[in-house]
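Trainee: This is the structure I want to talk about, given as structure tokens.
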Amino acid sequence: MSKKILLEKINVPGIKTYEVYRREGGYASVEKAIKAMTPDEVVEEVKKSGLRGRGGAGFPAGMKWSFIDKKSGKPRHLVCNADESEPGTFKDRYLMEFLPHLLIEGMITSSFALGANLSYIYIRGEYMWVFKILERAIAEAKAAGWLGKNILGSGYDLELHVHCGAGAYICGEETALIESLEGKRGNPRIKPPFPAVSGLWANPTVVNNVETIASVPWIVNNSGDDYAKIGIGRSTGTKLISASGHVKNPGVYEIELGLTVDEFMNSDEYLGGMYSDRPLKALIPGGSSVPILPADLIYKTTNGEDRLMTYESLSDGGFATGSMLGSGGFIVYDDTACIVRNTWNFSRFYHHESCGQCTPCREGTGWLEKVLWRIENGQGREEDIELLWSIQSKIEGNTICPLGDAASWPVAAAIRHFREEFEYHIRFPEKIKNRNHFVAEPFSQVKHLVTKQTI
Amino acid sequence: MKVTIDGQEIEVEAGTTILQAARMIGGESVPPAMCYYSKLKGSGGKCRCCLVEVAKGSDADPRPMPKLMASCVTGCMDGMEINSKNSDRVREARESVTEFLLINHPLDCPVCDQAGECDLQNLSFEHGKSKTRFIEEKRTFEPEDIGPNIQLHMNRCILCQRCVQVADQLTDNRVHGVMDRGDHANISTCISKAIDNEFSGNMIDVCPVGALTDKTFRFKSRVWFNKPYNAHRECTTPGCCGKTTVWMFGNEIQRVTGRKDEYHEVEEFICNSCRFDHKEVSDWVIEGPREFEKDSVINQNNYTQKLETVNINTEEGILKGRLEDRKKISMNEIDYDEKIDGEKLNSDK
């Protein structure tokens with residue numbers, strides 16, 4: 001049984017309300033931080049904890065906090081990135097919906113550590129009901145004296161606002177989020193300057209994911225060293241995983257980092273194995289933007305070691321044999337899934353969500369989608385696989401923000417690991433026209449058609 | 001601080017970007033730029049044409065930068081070493097960007113008013129390919145009237161956003177901007193407003209392609225048939241320098257633009273009155289003909305030397321050849337009694 005840090009009290013009736021949350025020990029970290037610690041000590045605890053950003057990139061949170069420019073004399077801000085829009089990722093929604101005060105407690109403690117007097121939670125537009133839950137929780141916290149002027153008589157002031165975005169994936173990128181929060185079009189900014197130097201309103205700003213901020217209260221209450229003892233190696237603490245796809249028990253799980261993928265997939269405590277007991281075909285471990293893994297690379301690394309739910313183990317061997325932990329959007333496919341259709345679907349998403357600011361992403365994502373659409377609909381040409389590979393390689397690394405990479409990696413990984421399926425689509429268009437191809441006839445049964453003659 | 005670009009060292013001040021340093025050196029190391037415009041604040045970084053390879057970060061941190069960097073927004077560091085023209089990665093990236101820019105850009109140069117002055121044409125000439133791999137239907141937009149002076153041809157737009165920055169920085173109330181997202185992002189006015197600000201015409205000058213063209217000049221002439229002259233007038237519009245280039249066909253001024261430097265950026269912005277309303281020769285003090293880069297299309301009409309009669313040496317040979325052909329075809333001089341093998345045709349043998 002994994003240790004629970006974030007979801008420890010999730011089953012307490014009424015934990016959404018301030019009274020119950022407070023009765024269960026809520027806001028203790030704010031009391032401890034403001035009364036017994038200096039801001040720098042809080043930052044130090046977070047550094048010691050080894051907490052890494054839970055939004056996807058996995059950058060050490062304490063280090064990010066220490067970059068904030070304290071010498072400029074400008075106001076500082078903490079912005080919570082609640083623009084959860086990655087297909088397959090829905091963990092932050094769970095946290096905010098059922099434990100809104102945990103996030104607010106984390107926001108207050110973190111804001112105190114950063115010396116921020118004005119903080120924001122930027123939430124995606126589609127989470128309107130969560131927006132209302134957070135607004136209510138903020139009002140409750142303010143009424144109880146945890147927000148506003150002179151918190152706990154310490155002289156520390158903090159205003160906290162929830163800002164609802166208009167529903168754009170790109171606004172989850174920290175600089176685009178800041179632009180959007182300033183009321184502008186959600187286009188990523190060119191870095192440097194980084195937000196820690198010039199962020200919201202050109203003031204020093206830290207942007208952290210919901211889960212990252214929600215982890216701070218436990219760290220302050222229990223110490224960074226205790227947090228670092230959970231997990232394994234540089235992947236410390238726990239992680240929320242939102243599991244979906246062809247598994248028996250999809251949902252949001254809190255796991256200790258270091259759990260084996262096998263145990264997470266197959267134990268009854270977690271996903272309970274494959275739905276309908278069909279064979280496992282592929283896995284996306286960290287949300288739609290990370291590379292897909294074929295069945296033979298899911299449970300074991302190329303060294304024959306157990307694949308663990310950690311940043312390091314999931315990325316073992318680079319993209320040739322690994323993937324990323326990313327945002328924890330764990331998507332499982334059985335043998336009825338069509339990888340080509342799945343890749344086209346993701347490509348369609350990234351094409352739709354590209355902001356259009358830089359050339360490779362604006363033009364390349366559209367081109368990728370069009371070629372994938374043709375292949376999936378029986379109009380592919382032999383040269384299209386090489387064309388796809390070429391387009392994705394020209395997008396990757398050449399764009400302003402990581403959306404270009406997010407659009408490129410799934411295509412690259414799909415071709416790398418499932419090239420035969422692309423060939424099958426191109427060579428046997430009549431077999432895929434009913435859109436039921438791998439459900440009626442799993443690819444393992446028709447694989448011999450393409451392996452005998454390679455294009 | 002010292003920076004080295006393609007092996008050429010130069011000393012620059014702190015805050016200089018790589019592109020600016022490259023322009024100081026000049027020549028082939030200067031990266032192409034479609035969205036950067038030195039006269040507009042905050043421009044650059046979008047088109048990704050000017051990507052360069054930073055082989056050495058600085059003397060303090062000599063590690064190379066893993067990704068290619070946009071030279072127009074990347075500041076120089078002391079001891080930085082940059083590969084521009086010399087790098088295969090850079091060349092490949094520029095070819096990629098050129099290909100991306102062209103997949104949806106209509107190849108209507110023969111009827112485009114920007115032809116001859118188009119930065120995308122120049123980029124394609126340098127980095128483009130003769131064949132396209134894009135077989136899909138090109139993206140198109142509905143025509144839109146954005147005002148009395150400027151014709152918007154959205155299909156040609158490459159979203160450099162220079163025109164938006166002109167409106168932001170030169171005009172009082174910006175009424176246009178970028179709508180939508182991705183490859184359907186487009187330049188448009190907000191709720192069908194008209195762009196009629198006094199400095200709006202500068203949007204035409206900063207547009208690197210033919211997306212924004214001058215309504216008073218459209219289809220009047222190809223630019224290489226015009227003769228450009230530097231001219232000026234006493235303009236009373238605040239903020240207007242009154243220094244322009246007038247484009248003449250015979251004694252007629254067909255078009256007025258700002259004066260552009262070697263990187264096709266206007267030196268100073270001009271008002272709409274100078275640009276659209278003053279088309280009489282008597283309105284201007286003509287300073288003299290403009291100089292153009294040697295390889296410019298416009299230079300084709302720049303007859304600075306006395307023309308001499310051209311002697312076609314091959315003419316005589318052609319005529320001689322034709323004569324022989326004619327003889328062969330008519331067979332006038334062939335002895336009908338003689339077969340080709342030498343035997344008499346009517347021989348008794």
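The values are calculated or read from the model by the stated rules, or taken from the named source; none is laboratory data. Model, not experiment: these values are computed from the prediction. Every residue, glycine among them, receives a Cβ derived from its backbone with ideal geometry; neighbour counts consider all protein chains shown. The accessibility values were calculated without ligands, DNA or RNA, using every heavy atom of the protein model including side chains. Shrake-Rupley method; radii C 1.70, N 1.55, O 1.52, S 1.80 Å.
Trainee: Hey, A:PHE319 hits all of (1) surrounded by fewer than 21 Cβ atoms within 10 Å (Cβ to Cβ); (2) out of contact with any strand residue (DSSP E or B) (no Cβ under 8 Å at 6 or more places or on another chain); (3) in contact (Cβ under 8 Å) with a residue 40 or more places away in the chain; (4) under 26 Å from A:LEU7 (Cα atoms) but one; which does it fall short on?
Mentor: Here A:PHE319 clears every test but (4).
Trainee: To continue, here is another question. Please go through (1) among the acidic types (Asp, Glu); (2) within 14 Å of another protein chain (Cβ to nearest Cβ); (3) closer than 30 Å to A:LEU51 by Cα for A:ASP306 and return the number of the only condition it doesn't satisfy.
Mentor: Result: A:ASP306 passes all but (2).
Trainee: Output yes when any residue across the range B:174-189 is of a type in the set (Ser, Thr, Tyr), under 23 Å from the mean Cα position of the chain (by Cα), within 28 Å of B:CYS240 (Cα to Cα) and open to solvent by less than 10 Å² (accessible area, probe 1.4 Å), and no when none is.
Mentor: No, every residue in the range B:174-189 fails to be of a type in the set (Ser, Thr, Tyr), under 23 Å from the mean Cα position of the chain (by Cα), within 28 Å of B:CYS240 (Cα to Cα) and open to solvent by less than 10 Å² (accessible area, probe 1.4 Å).
Trainee: Filter the range A:42-67 down to the residues that are open to solvent by 10 Å² or more (accessible area, probe 1.4 Å) and part of a loop (DSSP other than H, G, I, E, B), then identify the one that is nearest to A:SER289 (Cα to Cα).
Mentor: A:GLY56
Trainee: Okay, next question. Can you name the condition, by its number, that A:LEU403 falls short on among (1) more than 11 Å from every other protein chain (Cβ to nearest Cβ); (2) closer than 28 Å to B:SER71 by Cα; (3) crowded, with 21+ Cβ neighbours inside 10 Å?
Mentor: Result: A:LEU403 passes all but (1).
Trainee: If you don't mind, another one. Say we look at the range A:347-391 and pick out the residues that are part of a loop (DSSP other than H, G, I, E, B) and touching a residue at least 60 places away in the same chain (Cβ under 8 Å); which of these is farthest from the other protein chains (Cβ to nearest Cβ)?
Mentor: Going through the qualifying residues, I end up with A:GLU382.
Trainee: Given the residues A:SER223, A:SER289, A:SER276, which is the only one that is surrounded by fewer than 18 Cβ atoms within 10 Å (Cβ to Cβ) and either closer than 30 Å to A:LEU134 by Cα or free of Cβ contacts under 8 Å to residues at least 12 places away in the same chain (or both)? First the steps, then the outcome.
Mentor: Working: A:SER289 fails: surrounded by fewer than 18 Cβ atoms within 10 Å (Cβ to Cβ); A:SER276 fails: either closer than 30 Å to A:LEU134 by Cα or free of Cβ contacts under 8 Å to residues at least 12 places away in the same chain (or both).
The conditions single out A:SER223.
Trainee: Could you say whether any residue in the range B:15-24 is within 14 Å of chain A (Cβ to nearest Cβ) and either open to solvent by 50 Å² or more (accessible area, probe 1.4 Å) or farther than 20 Å from B:ASP261 by Cβ (or both)? Spell out how you get there, then give the answer.
Mentor: The first filter runs over the range B:15-24 and keeps only residues within 14 Å of chain A (Cβ to nearest Cβ), leaving B:15, B:17-19.
From the residues that got through so far, the ones that are either open to solvent by 50 Å² or more (accessible area, probe 1.4 Å) or farther than 20 Å from B:ASP261 by Cβ (or both) too are B:15.
The answer is yes; a qualifying residue exists.
Trainee: Restricting attention to the range B:147-174, which residues are within 14 Å of another protein chain (Cβ to nearest Cβ), in a loop (DSSP other than H, G, I, E, B) and more than 25 Å from A:ARG348 (Cβ to Cβ)?
Mentor: Correct list: B:CYS160, B:GLN161, B:ARG174.
Trainee: Pairs needed: first member in the range B:175-186, more than 7 Å from chain A (Cβ to nearest Cβ); second member anywhere, among the small types (Gly, Ala, Ser); C-beta distance under 6 Å; at least 6 residues apart or different chains.
Mentor: Taking only residues 6 or more apart or on different chains, the pairs are B:MET179/B:SER188.
Trainee: If only one of B:ARG133, B:ARG89, B:ARG94 is free of Cβ contacts under 8 Å to residues at least 60 places away in the same chain, within 14 Å of chain A (Cβ to nearest Cβ) and either crowded, with 18+ Cβ neighbours inside 10 Å or assigned to a helix (DSSP H, G or I) (or both), which one is it? Spell out how you get there, then give the answer.
Mentor: Values: B:ARG133 fails: either crowded, with 18+ Cβ neighbours inside 10 Å or assigned to a helix (DSSP H, G or I) (or both); B:ARG94 fails: free of Cβ contacts under 8 Å to residues at least 60 places away in the same chain.
Checking each option against the conditions leaves just B:ARG89.
Residue by residue, here is whether (1) under 27 Å from A:TYR350 (Cβ atoms); (2) in a helix (DSSP H, G or I) holds:
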site: A:ILE255; (1), (2): no, no
site: A:GLU263; (1), (2): no, yes
site: A:ASP268; (1), (2): no, no
site: A:LEU271; (1), (2): yes, no
site: A:SER276; (1), (2): no, yes
site: A:GLY287; (1), (2): yes, no
site: A:VAL290; (1), (2): yes, no
site: A:GLY304; (1), (2): no, no
